1. Counting pairs of alpha carbon atoms under 8 Å apart in space and at least six apart in sequence, what relative contact order in percent does the range 83-152 give?
2. Mind giving me the nanometre distance, one decimal, between the label points for Glu124 and Asp263, set 7 Å out from Cα along Cα→Cβ?
3. Between Glu117 and Arg300, what is the label-to-label distance in nm when each label sits 7 Å out along the Cα-to-Cβ direction?
4. Between Ala270 and Tyr148, what is the FRET efficiency for a Förster distance of 41 Å, r being their Cβ-Cβ separation, to the nearest 0.05?
5. Projecting each Cα onto the charge dipole of the chain (Lys/Arg +1, Asp/Glu -1 at the beta carbon, about the Cα centre), which of Thr152, Ser296, Asn107 comes out farthest on the positive side?
6. Using 1/(1 + (r/R0)^6) with R0 = 41 angstrom and r between the beta carbons of Leu82 and Trp293, what's the FRET efficiency to the nearest 0.05?
7. In Å³ and rounded to a whole number, note down the convex hull volume per residue for the Cα atoms of the range 110-186.
8. Would you work out which of Ile7, Val61, Ala138 lies farthest towards the positive end of the dipole of the range 6-301? Charges go on Cβ: Lys and Arg +1, Asp and Glu -1.
Amino acid sequence: MKERIRITEVGLRDGLQNQPGLVSTADKLRLAGALVNAGIRQLEAVSFVHPKAVPQMADAVEVTAGLPQRAGMDYMALVPNLKGYERAKAAGYRHVAVVLASTDAFNLRNLNMTLAETEATCQEVIRQATADGMVVRAYISGAFSCPYDGKTPVSVVHRLSEKMLAAGASDIAISDTIGAGNPQQVIDILKPLLARFDSALFSLHLHDTRGTALANAWAGIECGVRHFDASIGGLGGCPFAPGATGNVATEDLVHLLHEAGFDTGIDLDALYHAIAVAETITAQPLGGRYAQWRRSQERRTAPQPAVCAPQDQRT
Ligand code: COA
Ligand code: ZN
């Protein structure tokens, strides 16, 4: 039997939050439907942040109410503080994610808190959520590099990971928010962690800003990571991390993993269809390299328009 890799689709939250134009609730639900039809079973749907900070997430309650329900479906919401947590709980979530960036500068820009304040807030939310019986992820944002302070020391990522695990987090998402990481950094961060903790406690959240996401994902696989985030069509970016572009495209990661003999439970053809839905709702061309290849194949095999023979032209 093939080994299963967990994919958390983050296009609806991480992907859409950076879109300049507001996407309607109905369109977000259309995309969620296409992703669920493709076999996505873990999906970060919304964030409960201040609507002034991220206007795209202002309809989080309405989106949540309309999400397609399927057996085994696991929807997650990002929460920046206790207020966001209470909103997520009231909306019905059983899985939330807290976020802490690696530096003061990034946390101040993102959450209006220093790193120490963010750590304390995350611990508080994790403790409350676990007491309520919820599953909690902790994103370590800027784990490879901070958009303001440069390369992140591995020791910082280890310290924050250990602190969030001690508070009760069940998944540490090591996040390359600005897509500046390289495979050696993946190894340097994850090898020591996986030597001490269960690999199921860690996931990789990779952006593809500089084209290194798949190489980084594979370094994660070699280290023993079996859970990755991805975003349909490579949608995304972070409004508080200048220059950040989308996550690794879900279709690229799924294709790579299937080719390498892993199972994801995701139907690549149906996922390819979901890219078209994402393009329609964001009115922008999307798709990673796999989608580009599929399109070139389609162009090659499409029926060519009839060309008149020279004698026809003479008549
Ligand atoms: N959702 C909605 N409103 C919230 C909130 C939340 N999670 N947290 C705080 N607020 C409200 C408070 O109730 C208060 O409202 P009032 O003025 O009507 O009393 C107001 O926001 C200010 O509260 P404060 O605690 O001082 O928040 P802040 O202004 O320091 O902002 C955050 C902090 C975290 C709410 C804001 O920076 C934020 O939403 N950041 C999210 C950034 C993001 O989404 N980044 C990408 C994902 S990592
Ligand atoms: Zn991200």
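1. On the way: 88 pairs, mean separation 27.4, N = 70.
Relative CO of the range 83-152 lands at 39 percent.
2. 4.4
3. 5.6
4. On the way: r = 40 Å, r/R0 = 0.96.
Given R0 = 41 Å and the Cβ-Cβ separation, E is 0.55.
5. Ser296
6. Working: r = 46 Å, r/R0 = 1.11.
That gives a FRET efficiency of 0.35.
7. Values: hull volume 7.1 nm³, N = 77.
Cα-based convex hull of the range 110-186, divided per residue, equals 92 Å³.
8. Going by the charge dipole, the pick is Val61.
Bear in mind these aren't lab numbers, they're just calculated from the coordinates by the rules spelled out. Treat the numbers as computed from the prediction; the structure is a model and nothing was measured. Counting neighbours? That spans all protein chains shown, and the Cβs are built from the backbone with ideal geometry, glycine included.
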